Amino acid sequence: MRVHLPNSAFLGNIDPFFRGFDPTNPEILEITANEKWISVHPIVLTMVAALGLNVKPENIRCEKFEATSKHYLVRMGLFKALNISTDINIVEHEAAGRFIPLTQIRRSDELTTFITEMIPLLHLEPEQANTLGYIVSELVRNVLEHADAKNGAILCAQYYKKSNSIRIGIADTGVGVKKTINESYDAKTDLEALQLALTPGITGTTTREGGTAQNAGAGLFFIKSIASVNRDFFVIYSGHGFYKLLKKKPTLRLDLNADPFKDRHSKEENLPFWQGTIVGVDITLDQTAEFSLLLDVIRKTYSMAVKERRKMRYKKPRFI
């Protein structure tokens, strides 16, 4: 496998980074980087760390980094996660208020502990903390409950004070969205599976509209909706499929689409194959009037989408 850390890879321009990923020869991981500057979204680091956990440390070939910003990779725990040494020396700083380094979560109790410890680090207001806690919990819970990933979930996050926003990345090398969704549905492609996974009320655990009490099929839809209302990016990549929610223009109405393909978005269905799932989301933490209305609108959209699909199902002809 081969991955190159570019000078810039954030959700808005993440597509070329994913296209450049080479999944061949999975027993070896080669990591190269831009010689002058490396500035990447947490999703990039989680992807590299997730790959490294499937490779023996002696089979990880990491070139010597020359970029001025190389110290960031150490602070975010990349070399530690890969279990390889580095000659990059840094002065350790308190992480509080700035970032969550790469963290591996394999059990629900580890998730609970992580969220409990994460919130004080970022010094957030209660409502902001609840939003962030929900997002992280849903993303990790998806991995623990559906991915069948032996290494669990790998995540990290970075807070940006100037924009009062947080960027989150999470990756796993489990079975992928398509296999999970097709336990109850019949998605022909990875992209179709992503569309279903982002639709409220659909879960791979059951064909019942609205899911079950334990798996309501709403987590990814809620997270995408939070990003949509805040006019932020949301990205999901699994198998060959890729979906990106694009920033939308400000409007007077707070509208949410049950079908993710009706949102302003970009998509691809022929990316290099990722065995598992990667999710990235940017969340602006400003408490706007729109954001305050969000949960009510999400609940209404979710309910209407489930009712509509139930109607469509009952309208289908039944042959005896």
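Would it be correct to say that Ile60 is among the β-branched types (Val, Ile, Thr), open to solvent by less than 10 Å² (accessible area, probe 1.4 Å) and free of Cβ contacts under 8 Å to residues at least 60 places away in the same chain? No: the conditions fail for Ile60.
When segment 63-90 is filtered for residues that are open to solvent by 10 Å² or more (accessible area, probe 1.4 Å) and either of a type in the set (Ser, Thr, Tyr) or under 18 Å from Gly152 (Cβ atoms) (or both), the ones remaining, listed by number, are Thr68, Ser69, Tyr72, Gly77, Lys80, Ala81, Asn83, Ser85, Thr86. Restricting attention to segment 225-252, the residues that are assigned to a loop (DSSP other than H, G, I, E, B), under 19 Å from Thr284 (Cα atoms) and of a type outside the set (A, V, I, L, M) total 9. For segment 40-58, the criterion of a residue being hydroxyl-bearing (Ser, Thr, Tyr) and more than 23 Å from Phe233 (Cβ to Cβ) is satisfied by no position.
Tell me the residue from Lys224, Lys244 that is open to solvent by less than 30 Å² (accessible area, probe 1.4 Å), closer than 24 Å to Val143 by Cβ and in contact with a Pro (Cβ under 9 Å, 6 or more places away or on another chain), please. If you could, list the steps in order and put the result at the bottom.
On the way: Lys244 fails: in contact with a Pro (Cβ under 9 Å, 6 or more places away or on another chain).
Testing whether each residue is open to solvent by less than 30 Å² (accessible area, probe 1.4 Å), closer than 24 Å to Val143 by Cβ and in contact with a Pro (Cβ under 9 Å, 6 or more places away or on another chain) leaves just Lys224.
Tally up the residues in segment 119-149 that are within 18 Å of the chain's Cα centre (by Cα), in contact (Cβ under 8 Å) with a residue 24 or more places away in the chain and assigned to a helix (DSSP H, G or I), please. Summing the residues that are within 18 Å of the chain's Cα centre (by Cα), in contact (Cβ under 8 Å) with a residue 24 or more places away in the chain and assigned to a helix (DSSP H, G or I) in segment 119-149 gives 16. With the condition kept exactly as written, say whether any residue in segment 32-47 is among the hydroxyl-bearing types (Ser, Thr, Tyr), within 15 Å of the chain's Cα centre (by Cα) and open to solvent by less than 60 Å² (accessible area, probe 1.4 Å). Within segment 32-47, one or more residues are among the hydroxyl-bearing types (Ser, Thr, Tyr), within 15 Å of the chain's Cα centre (by Cα) and open to solvent by less than 60 Å² (accessible area, probe 1.4 Å). Which members of segment 109-125 meet the condition of being modelled with pLDDT under 75 and open to solvent by 70 Å² or more (accessible area, probe 1.4 Å)? Matches in segment 109-125: His123, Glu125.
The values are calculated or read from the model by the stated rules, or taken from the named source; none is laboratory data. Computed from a predicted structure; not experimentally measured. Please note: Cβ atoms are built from the backbone with ideal geometry, for glycine as well, and neighbour counts cover all protein chains shown. Protein only, heavy atoms only, side chains kept; ligands, DNA and RNA dropped before computing areas. Shrake-Rupley method; radii C 1.70, N 1.55, O 1.52, S 1.80 Å.
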